[in-house]
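The values are calculated or read from the model by the stated rules, or taken from the named source; none is laboratory data. Just so you know, these numbers come straight off a predicted model, no measurement behind them. All Cβ positions, glycine included, derive from the backbone under ideal geometry; neighbour counts span all protein chains shown.
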Amino acid sequence: IPIERIRNFSIIAHVDHGKSTLADRLLEFTGAITKNSGQNQVLDKLQVERERGITVKAQSVSLLYNYKGNEYLLNLIDTPGHVDFSSEVSRSLSACQGVILVVDANDGVQAQTVANFYLAFGKDLTIVPVLNKIDLKNADPDRVTKQLQSLFDIEPQEVLRISAKLGTGIQSVIEALIERISPPKVDRTAPFRALLFDSWFDKYRGALSLIYIQDGEINVGDEVQSCHSQKTYSIKSLSLLRPQEVVTKKLVAGQIGLIGCNMRTSKEAFIGDTIHLSSCPVEPLQGFEPPQPMVFAGVYPMDQSQHVNLRSAIDKLTLNDSAVSVDIDSSPALGQGWRLGFLGLLHLEVFSQRLQQEYGAEPILTAPSVTYKITLKETKQNIKTGREIFVNNPALWPDTVHIEETFEPMVIGTIITPDKYLGPIMSLCMERRGVQRNATNIDNDRVMLQYDLPLCEIIIDFHDSLKTISSGYASFDYEDNGYQSSNLVKLRILLNGTAVEELSNIVHISKAQSIGRKMVLKLKEMIPRQMIQIAVQAVCNGKILARETIKAYRKDVTAKLYGGDVTRRMKLLAQQAAGKKKMRMVANISLPRETFIDVLKK
Ligand code: GTP
């Protein structure tokens, strides 16, 4: 197929606006899958997708469509649809010249619509706006068209109206793709050059990489080299995804294909890398930053006998999710473990759920933390003077006397809400130390708010709180906005005078008192009574900010049990034994497994 008849595009949308349903319809319409075959949401359900862990990665599919007597190759590159994964959306867009921006004609423009629009706009891509779900009784396409016009300067006549569910208007989408999006600027006569934009692990073939071929062609048997690692590989397999894998001997510029070249780990397939023929070095393509982990948490086995199992479970899961960073960690109370980095809190939660469900590993997770930046004081004895360090583990926070200045990561948060929830939402943002950037009316009763927010303030239950106070109507998305100087302190928790590092937390000085108080009360609620009395204290810079006492068992309670009925007593003992399994001894006190992460939740 000549280059002029290739179109590379993605579908971007707010969660649930119908991206997967539209993708299915496009597949059906072009004959890639048969109609009504019950294969709903084909892209999400592909074998590869299932094997590669959470469905946050991009999945590509090549479609053929005959338009005005010519055959066109339409490469659809799927993008994940959650706030945690905007860096992955950005990555997928690197291989595209255009996007379909899907907006629910009932819900209207939402926070991710805005974030996704600007991602695509920033990359100079053609945007094909599509209103979906026009079949719904409450759909108001005129109103949503006006929102698109006032927010993004989109001309009303450009906006398509469809129902992905019923299959109405699908042809207009395909024709708009062909007519509005330009073909890729590629050169088939130049030496082979390709962008590696996704990869996953296959049990039999090792790491498989999805590449976008910018120049030249590639054949099975060719020797290729990575610009990133300089390592060379021999191409073992080439295939197209349509959506089933179709094996081929050659791929040419403009195509998107899957290569297998005996990479033993997915780490070797470096996302954003440029691949070329070993015999013919090239200028690397402008890649993109691989996604950076933003949220870190310690992961420890319940007891050290489970260490090996947990390690193999983590290994298996990270094989297919290269966005997770893994470092060895150890803690005095919890022993040997790992510090894992995630793209966001959802990513962390999905990962730990999978550890549990798929590998039966029941790890202890510590409270999530972000990466802080610290400049150290220049002291004569300290050789590493004036140095800048990055800390994502409160246990490694330096002593106050060594700290010159502390910085925390910031984000720009976008919230879209019906205006009746404005008051409580603004209070929530203020409580989270947010500073308003602007507020825009997007129509009669909807507002878009933008806030500068510290990342650490939104990683724990911000999204949930927002949903609760707006009865589910407000939407939220955020983008990274660098570091800002901030007065941060370490809040320690002492149990009977012993500091439990795993419960310590970095907080803004203005919140130390209130968070200390909350944590102590929460711990009092969470830690069951034990044989000894337990003093729970929150301490900051040597000052005790809060204290609670958990009283010991009363002797007569146990005594009474002995007099009771035998079966009841057995039952209680069994329950206690089961309960004990999930407890972890720290400072001679047994703590429930969830303590470390739940202590920060409301
Ligand atoms: P994520 O994968 O979670 O990002 O969602 P998505 O954007 O892919 O949305 P999906 O296609 O899963 O659709 C979300 C819901 O909307 C599903 O229950 C669909 O059946 C429904 N839906 C999609 N398109 C239409 C439509 O045109 N009309 C109606 N009434 N419902 C639709």
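Residue check, Ser485 against (1) more than 25 Å from Gly344 (Cβ to Cβ); (2) surrounded by fewer than 15 Cβ atoms within 10 Å (Cβ to Cβ); (3) not hydrophobic (A, V, I, L, M, F, W, C), all met but one. Which one?
Going through the list (1) more than 25 Å from Gly344 (Cβ to Cβ); (2) surrounded by fewer than 15 Cβ atoms within 10 Å (Cβ to Cβ); (3) not hydrophobic (A, V, I, L, M, F, W, C), Ser485 breaks only (1).
Could you go through region 186-195 and let me know if any residue there is farther than 30 Å from Asp140 by Cβ, crowded, with 21+ Cβ neighbours inside 10 Å, in contact with a Lys or Arg (Cβ under 9 Å, 6 or more places away or on another chain) and not β-branched (Val, Ile, Thr).
no
Output the number of the condition that Tyr212 fails; it satisfies all remaining conditions of (1) over 29 Å from the mean Cα position of the chain (by Cα); (2) in a strand (DSSP E or B).
Going through the list (1) over 29 Å from the mean Cα position of the chain (by Cα); (2) in a strand (DSSP E or B), Tyr212 breaks only (1).
Would you pick out the residues in region 516-536 that are surrounded by fewer than 20 Cβ atoms within 10 Å (Cβ to Cβ), at pLDDT 90 or above and either in contact with a Ser or Thr (Cβ under 7 Å, 6 or more places away or on another chain) or assigned to a strand (DSSP E or B) (or both)?
Ala535, the sole residue that qualifies.
Quick one: in region 153-173, of everything that is more than 16 Å from the ligand (Cβ to nearest atom) and within 30 Å of the chain's Cα centre (by Cα), which residue is surrounded by the fewest Cβ atoms within 10 Å (Cβ to Cβ)?
Asp153
Here is a yes/no grid of residues against (1) small (Gly, Ala, Ser); (2) under 27 Å from His228 (Cβ atoms); (3) surrounded by fewer than 16 Cβ atoms within 10 Å (Cβ to Cβ):
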position: Gly260; (1), (2), (3): yes, yes, no
position: Lys267; (1), (2), (3): no, yes, yes
position: Pro284; (1), (2), (3): no, yes, no
position: Ala297; (1), (2), (3): yes, no, no
position: Leu345; (1), (2), (3): no, no, no
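Applying the selection to region 208-259, what residues are over 20 Å from Pro284 (Cβ atoms) and small (Gly, Ala, Ser)?
Passing the criteria: Gly221, Ser234, Ser237, Ser239.
How many of the residues making up region 312-353 are under 24 Å from Leu208 (Cα atoms), modelled with pLDDT under 85 and assigned to a loop (DSSP other than H, G, I, E, B)?
So the count comes out to 5.
Step by step: first the residues of region 231-253, then only those that are in a loop (DSSP other than H, G, I, E, B) and at pLDDT 90 or above, then the one that is surrounded by the fewest Cβ atoms within 10 Å (Cβ to Cβ). Which residue is that?
Lys249
Taking region 403-435 only, how many residues are farther than 26 Å from Pro293 by Cα and among the polar types (S, T, N, Q)?
2
Going by the structure shown, is Ile506 among the β-branched types (Val, Ile, Thr) and either over 24 Å from Leu376 (Cβ atoms) or exposed (fewer than 15 other Cβ atoms within 10 Å of the Cβ) (or both)?
When the stated conditions are applied, Ile506 does not pass them.
Considering (1) at pLDDT below 70; (2) within 11 Å of the ligand (Cβ to nearest atom); (3) surrounded by fewer than 20 Cβ atoms within 10 Å (Cβ to Cβ), say which one Leu43 fails and leave the rest.
Every condition holds for Leu43 apart from (3).
Could you list, in sequence order, the residues of region 492-508 that are closer than 19 Å to Thr371 by Cβ and outside any strand (DSSP E or B)?
Across region 492-508, the qualifying residues are Glu501, Glu502, Ser504.
I need the full set of residues from region 109-144 which are away from the ligand (no atom under 13 Å from the Cβ), part of a loop (DSSP other than H, G, I, E, B) and of a type outside the set (A, V, I, L, M, F, W, C), in order please.
Lys123, Asp124, Asp140
Those residues that are assigned to a loop (DSSP other than H, G, I, E, B) and under 18 Å from Leu488 (Cβ atoms), I need them from region 422-458; list them, please.
Within region 422-458, Arg432, Arg433, Gly434 meet the criteria.
Please go through region 442-458 and give me each residue that is touching a residue at least 12 places away in the same chain (Cβ under 8 Å) and under 30 Å from Ile154 (Cα atoms), ordered by number.
Ile442, Asp443, Asp445, Arg446, Val447, Met448, Leu449, Gln450, Tyr451, Asp452, Leu453
Only residues in region 459-482 that are assigned to a loop (DSSP other than H, G, I, E, B) count as the first member; pair them with residues that are buried (at least 17 other Cβ atoms within 10 Å of the Cβ) and among the aromatic types (Phe, Trp, Tyr), Cβ under 8 angstrom, at least 6 apart or cross-chain, and list the lot.
Ser470/Tyr421; Ser471/Tyr421; Tyr473/Tyr421; Ala474/Tyr421
Identify all residues within region 261-304 that are assigned to a loop (DSSP other than H, G, I, E, B), in contact with a helix residue (DSSP H, G or I) (Cβ under 8 Å, 6 or more places away or on another chain) and at pLDDT 85 or above; write none if there are none.
Within region 261-304, Met294, Pro301 qualify.
Out of Gly167, Gly206, report the one residue that is over 18 Å from Ile127 (Cα atoms), touching an Asp or Glu at 6+ places or on another chain (Cβ under 8 Å) and in contact (Cβ under 8 Å) with a residue 24 or more places away in the chain.
Exactly one of Gly167, Gly206 is over 18 Å from Ile127 (Cα atoms), touching an Asp or Glu at 6+ places or on another chain (Cβ under 8 Å) and in contact (Cβ under 8 Å) with a residue 24 or more places away in the chain, namely Gly167.
From the list Asn106, Asn66, which residue is at pLDDT 90 or above and either within 11 Å of the ligand (Cβ to nearest atom) or among the small types (Gly, Ala, Ser) (or both)?
Being at pLDDT 90 or above and either within 11 Å of the ligand (Cβ to nearest atom) or among the small types (Gly, Ala, Ser) (or both) holds for just one of Asn106, Asn66, which is Asn106.
Which pairs turn up if I take residues in region 121-133 that are within 12 Å of Arg161 (Cβ to Cβ) and look for partners that are of a type in the set (Asp, Glu) and within 10 Å of the ligand (Cβ to nearest atom) with beta carbon separation below 7 Å, at least 6 apart in sequence or on another chain?
Asn132/Asp104; Lys133/Asp104
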